[in-house]
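A.B. asks: Dropping the structure in here first, questions after.
Readers should treat all values here as calculations from the given coordinates under stated rules, not as data from a laboratory. In this text, all values refer to a predicted model and were calculated from it rather than measured experimentally. Cβ sites come from the backbone with ideal geometry, for glycine too, and all protein chains shown count toward neighbours.
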Amino acid sequence: MLKPVEFKTRYPHAWLVWEPGSWSEPKTPEMAASKTLQPGQDRPIAPVGEDALCFELKPNATVLKVGRASDNHIILNDMRVSRSQLELRHQGETWQVVPVRGARNILLGEPLDEQGVKVVGTTKLQAGGIQLSFYDAADFAARLEHEAQRFTR
């Protein structure tokens with residue numbers, strides 16, 4: 001396993017984490033069409049048990065779209081998430097979370113307004129019924145170190 005300093009050097013970007021929790025599989029053919037599948041899988045990708053899904057937020061693009069539809073950069077295949085849920089906008093060294101008009105509730109402690117909010121360090125979001133955590137590189141490396149220590153005790 002990489003040490004925190006090595007991790008931050010190799011992965012200097014922010015991260016979005018789909019936290020473990022209940023998952024609501026798409027039920028209708030229309031909703032199922034937006035499932036995210038890996039080659040050889042017959043079930044969509046979602047957090048399992050205590051595992052989380054982690055997405056590295058490389059600032060290649062100025063806007064990363066997040067939602068249930070297959071045309072998003074990050075696909076959250078949970079039927080409680082809107083097809084187009086939110087945008088992560090990269091501005092200089094920071095990221096901003098902006099809700100997509102008409103999306104279901106996005107909470108950052110309270111509902112987000114149309115202007116969105118800058119996220120730094122560790123920020124907890126709720127999109128639809130799922131929990132997302134935003135981490136800058138240093139805080140994500142610290143989380144991984146904490147998790148590694150938890151499992152090696």
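A.B. asks: Around SER84, with a cut-off of 9 angstrom between Cβ atoms, what is the net charge of the other residues, counting Lys and Arg +1 and Asp and Glu -1?
C.D. replies: +2
A.B. asks: Full-extension gain between THR9 and ASP113, please, as 0.36 nm times their residue separation minus the C-alpha to C-alpha distance.
C.D. replies: Result: 34.0 nm gained on full extension.
A.B. asks: What does segment 59-153 give for Rg and for Dmax, in Å, if only its C-alpha atoms count?
C.D. replies: That works out to 14.3, 46 Å for Rg and Dmax.
A.B. asks: Under 5 Å between amide hydrogens, which residues at least 5 positions from LEU57 or on another chain qualify, with H placed 1.01 Å from N in the peptide plane?
C.D. replies: So LEU57 has HN proximity to ALA14, TRP15, LEU16.
A.B. asks: Put a dot 7 Å past each Cα toward the Cβ at LYS124 and ALA148; how far apart are the dots in nm?
C.D. replies: Inter-label distance under the simple model: 2.6 nm.
A.B. asks: Below 12 angstrom from the Cβ of ASP71, what's the summed charge of the other residues (Lys, Arg +1; Asp, Glu -1)?
C.D. replies: +3
A.B. asks: Spelling out what I want: for every residue of segment 119-126, take phi, set θ = phi - 60°, compute 6.51 cos²θ - 1.76 cosθ + 1.60 (Karplus), and round to whole Hz; glycine and proline get x.
C.D. replies: Result, rounded to whole Hz: 10, 9, x, 10, 10, 9, 10, 10.
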